[in-house]
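Report on one structure; see the data block that follows.
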Amino acid sequence: MSTLLDIENLWVRFPTRNGIFDAVRGVSFSLGRERLGIVGESGSGKSMTGRAILRLIRHPGIVEADHINLHGENLLAKSERDMRKVRGEQISMVMQDPKFSLNPVMTIGDQLIEAHRLHAKATKAEARKKALEMLEAVSIRDPERVMGAYPHEMSGGMGQRIMIAMMLIPNPEILIADEPTSALDVSVQGQVLSIMDRLVKERGMGLIFISHDLNLVSQFCDRVLIMYAGRIVEVCDANRLHEAQHPYTRGLLGSLPRFDAPRPRLEVLQRDPSWRDAPSVEGRT
Amino acid sequence: MNAALEINALNVYFGDHGALVHAVKSASLTVAKGASFGLVGESGSGKSTILKAITGLAPQWNGEIKVEGRPLGAKRDRNFYKTVQMVFQDPYASLHPRQSVDQVLSETLYLHGFRDIDDRVNQLLQDVGLGPAFRFRYPHQLSGGQRQRVAIARALAPQPDILLLDEPTSALDVSVQAEILNLLSDLRAAHGLTFVMVSHDLAVVAHMCDQAAVMQHGEILEVLSIDAMRAGQTAHPYTRTLLDASANRVA
Ligand SMILES: Nc1ncnc2c1ncn2[C@@H]1O[C@H](COP(=O)(O)OP(=O)(O)O)[C@@H](O)[C@H]1O
Ligand SMILES: Nc1ncnc2c1ncn2[C@@H]1O[C@H](COP(=O)(O)OP(=O)(O)O)[C@@H](O)[C@H]1O
Ligand SMILES: [Mg+2]
Ligand SMILES: [Mg+2]
């Protein structure tokens with residue numbers, strides 16, 4: 001499998017009153033044209049890992065790595081100006097809450113058109129046509145109406161699909177999706193997932209799918225990194241997640257209520273201090 | 001009378017004539033004393049609104065709501081809140097940021113006429129698995145799971161018979177969810193509580209409840225036992241859809 005992205009020894013650090021807090025502690029992994037899941041509890045460093053790839057960690061946070069290579073080119077060596085191009089054209093990110101990512105005072109159509117014209121030299125009419133296409137691509141049934149609407153007029157599911165449409169305009173090679181379906185009903189979740197799935201299969205896109213939902217990741221992804229306290233504790237094929245070995249992963253799985261297998265009590269995760277200290281597992285294929 | 005809660009032909013509305021939302025449409029259900037009853041359905045289907053109508057947070061309703069055999073009127077009195085308490089989804093929003101755990105619990109106890117407050121605060125903390133060290137902490141010094149424990153302690157303070165739980169673990173990690181669900185099960189057994197629990201997660205409802213109502217567009221489509229649900233014995237096709245979507249999330 002051709003490697004799109006290769007990350008070596010990534011750290012994300014925050015200076016705090018009590019010293020430096022290491023949110024991500026030396027993770028290494030690669031991404032091909034695949035659906036790579038990152039799971040773990042809240043605070044384990046999933047979002048910071050995703051944001052660090054795009055160098056979107058806010059001040060005073062610091063990103064360090066031996067390299068973050070996109071097609072062999074180190075993103076850490078790029079100027080901020082060049083990074084903006086990478087963000088606009090090669091790697092897109094969908095954040096958890098679309099309400100914070102869309103401009104509330106601009107119609108959805110205008111935002112999509114602007115996104116397209118930033119990326120390609122196109123007339124307004126061409127950009128409009130492209131915007132409509134993108135809305136159709138994310139299964140929005142009434143794209144003409146949606147073009148004229150404002151973000152607050154959209155339901156959660158619509159908002160999330162619009163965000164994905166926006167991210168698709170530059171035809172990115174890599175999409176980083178941070179909990180893209182967590183706020184959605186199961187029925188709508190399926191639609192958003194199938195859109196992303198199509199992009200991986202049809203356009204050969206690489207997808208980093210960040211989620212706290214183990215069952216979802218095991219059903220949807222190809223490969224999974226399991227994060228704990230800023231490190232990768234285990235890597236496995238998604239369809240074998242339920243055979244995972246690490247006691248942390250096993251503990252998370254055991255704590256889930258199972259519809260098909262009732263039991264009187266749920267397992268409670270017993271944390272072992274050694275999990276935090278064990279070196280990060282390498283997530284390369 | 002062995003029903004803890006009985007609802008007949010309940011309609012709930014929001015807004016006014018200009019934009020009236022008919023959020024719950026002629027809903028009926030009965031929850032036996034000591035039972036644990038689930039409400040499931042997609043977001044916006046009216047689950048929370050049923051709980052809000054019971055607790056008086058949705059004043060525009062008609063139909064009948066009976067708690068332990070007594071019909072509710074327009075207002076909820078002190079006695080009502082001694083019988084029925086509610087726990088909300090978001091443990092970050094449901095506690096006042098400037099109130100310590102001690103203040104939250106003491107005030108609630110005082111309001112309900114208790115005077116041996118010190119002992120009761122300690123007991124409540126112990127009941128929800130928080131040590132005495134947590135007593136003087138503020139919400140920002142607590143994790144999501146710890147906050148939800150405080151919210152549960154506050155709900156338990158008036159010694160209610162019925163707990164209304166609105167997505168009590170949806171904002172929590174699965175490991176923390178397991179702790180809270182175990183705690184709720186223990187509390188129900190220890191205090192003989194009746195639960196009405198809203199969740200979008202069928203596995204959670206199946207784990208916690210013995211019966212559930214399936215809602216869509218403000219209506220209760222069917223009430224069925226969890227055993228029937230597990231066996232796929234559904235009367236309404238929508239329930240089937242919901243079960244399938246939960247089992248296989250990647251359509
Ligand atoms: N600005 C910041 N200052 C200090 N710590 C931070 C900051 N932002 C995030 N963190 C910490 O970084 C850790 C990882 O966060 P994050 O990647 O968002 O976790 P996840 O997405 O897995 O829930 C958390 O412990 C969080 O508290
Ligand atoms: N305060 C409110 N004002 C207007 N409409 C409301 C209000 N609260 C809820 N609704 C509407 O009532 C319907 C049912 O909502 P709700 O009971 O919260 O659904 P659920 O809990 O099943 O997700 C939805 O259409 C919702 O938009
Ligand atoms: Mg996150
Ligand atoms: Mg609700």
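Out of (1) open to solvent by 50 Å² or more (accessible area, probe 1.4 Å); (2) within 16 Å of ligand 1 (Cβ to nearest atom); (3) modelled with pLDDT under 95, the odd one out for A:GLU64 is which?
(3)
Would you point out the residue of segment A:235-268, among those that are facing chain B (nearest Cβ under 7 Å) and touching a residue at least 24 places away in the same chain (Cβ under 8 Å), that is surrounded by the fewest Cβ atoms within 10 Å (Cβ to Cβ)?
A:LEU256
How do the pairs read when you match residues in segment B:232-251 that are exposed (fewer than 14 other Cβ atoms within 10 Å of the Cβ) with residues anywhere that are outside any helix (DSSP H, G or I) and among the acidic types (Asp, Glu), using Cβ under 7 Å and keeping only pairs 6 or more apart or on different chains?
Cβ pairs passing all conditions: B:ALA235/B:GLU222.
Quick check on my filter: what residues within segment B:118-177 are away from chain A (no Cβ under 14 Å) and of a type in the set (Val, Ile, Thr)?
Result: B:VAL121, B:VAL128, B:VAL150, B:ILE152, B:ILE162.
Is at least one residue of segment A:80-88 closer than 18 Å to A:ILE174 by Cα, surrounded by 15 or more Cβ atoms within 10 Å (Cβ to Cβ) and in contact with a His (Cβ under 7 Å, 6 or more places away or on another chain)?
Checked against the condition, which is being closer than 18 Å to A:ILE174 by Cα, surrounded by 15 or more Cβ atoms within 10 Å (Cβ to Cβ) and in contact with a His (Cβ under 7 Å, 6 or more places away or on another chain), segment A:80-88 yields at least one hit.
Results for (1) closer than 25 Å to B:THR169 by Cβ; (2) of a type in the set (S, T, N, Q); (3) buried (at least 23 other Cβ atoms within 10 Å of the Cβ), shown as yes or no for each residue.
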| site | (1), (2), (3) |
| --- | --- |
| A:SER187 | yes, yes, no |
| A:VAL192 | yes, no, no |
| A:ASP197 | no, no, no |
| A:LYS201 | no, no, no |
| A:GLY204 | no, no, no |
| A:ILE210 | yes, no, yes |
| A:ASN215 | yes, yes, no |
| A:PHE220 | yes, no, yes |
| A:VAL224 | yes, no, yes |
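Exactly one of these conditions fails for A:ILE176: (1) surrounded by fewer than 18 Cβ atoms within 10 Å (Cβ to Cβ); (2) closer than 14 Å to A:MET95 by Cα. Give me its number.
(1)
How many of the residues in segment B:1-44 are at pLDDT below 95, farther than 18 Å from B:PRO168 by Cβ and part of a loop (DSSP other than H, G, I, E, B)?
Residues flagged as at pLDDT below 95, farther than 18 Å from B:PRO168 by Cβ and part of a loop (DSSP other than H, G, I, E, B) within segment B:1-44 amount to 10.
From the set of residues in segment B:45-72 that are at negative phi, without any contact (Cβ under 8 Å) to a residue 60 or more places away in the chain and assigned to a strand (DSSP E or B), which is nearest to the other protein chains (Cβ to nearest Cβ)?
The residue in question is B:TRP61.
Out of all the residues in segment B:37-57, is one or more more than 9 Å from ligand 2 (Cβ to nearest atom), under 27 Å from B:ASP186 (Cβ atoms) and open to solvent by 50 Å² or more (accessible area, probe 1.4 Å)?
No: segment B:37-57 contains no residue that is more than 9 Å from ligand 2 (Cβ to nearest atom), under 27 Å from B:ASP186 (Cβ atoms) and open to solvent by 50 Å² or more (accessible area, probe 1.4 Å).
Could you tell me which residue of segment B:188-216 is nearest to the other protein chains (Cβ to nearest Cβ), considering only residues that are over 20 Å from B:VAL40 (Cα atoms) and within 14 Å of the chain's Cα centre (by Cα)?
My answer is B:ARG188.
Give me the residue from segment B:63-98 that is open to solvent by 70 Å² or more (accessible area, probe 1.4 Å) and of a type in the set (S, T, N, Q) and, out of that set, modelled with the lowest pLDDT.
Residue satisfying both the conditions and the ranking: B:GLN89.
Hey, any hits in segment A:100-108 for a residue that's without any contact (Cβ under 8 Å) to a residue 40 or more places away in the chain and either over 23 Å from A:MET205 (Cβ atoms) or in a strand (DSSP E or B) (or both)?
yes
Cβ contacts < 8 Å: first residue within 9 Å of ligand 1 (Cβ to nearest atom), restricted to segment A:31-59; second residue aromatic (Phe, Trp, Tyr), any location; separation 6+ or different chain. Result?
A:ILE38/A:PHE209; A:GLY40/A:TYR228; A:GLU41/A:TYR228; A:SER44/A:TYR228
In segment B:85-114, which residues are more than 14 Å from chain A (Cβ to nearest Cβ), within 16 Å of ligand 4 (Cβ to nearest atom) and of a type in the set (Asp, Glu)?
None - no residue of segment B:85-114 is more than 14 Å from chain A (Cβ to nearest Cβ), within 16 Å of ligand 4 (Cβ to nearest atom) and of a type in the set (Asp, Glu), so the list stays empty.
Give me the strands (runs of 3 or more DSSP E) completely within segment B:148-251, filtered to those with at least 1 residues that are closer than 30 Å to B:LEU111 by Cβ and within 16 Å of ligand 2 (Cβ to nearest atom), ordered by residue number.
Here the list reads B:162-166, B:194-198.
The values are calculated or read from the model by the stated rules, or taken from the named source; none is laboratory data. These numbers come from a predicted model, not from an experiment. Here Cβ is always computed from backbone atoms with ideal geometry, including for glycine, and neighbour counts include all displayed protein chains. We work out accessible area using only protein heavy atoms, side chains counted, and drop any ligands, DNA or RNA first. Shrake-Rupley method; radii C 1.70, N 1.55, O 1.52, S 1.80 Å.
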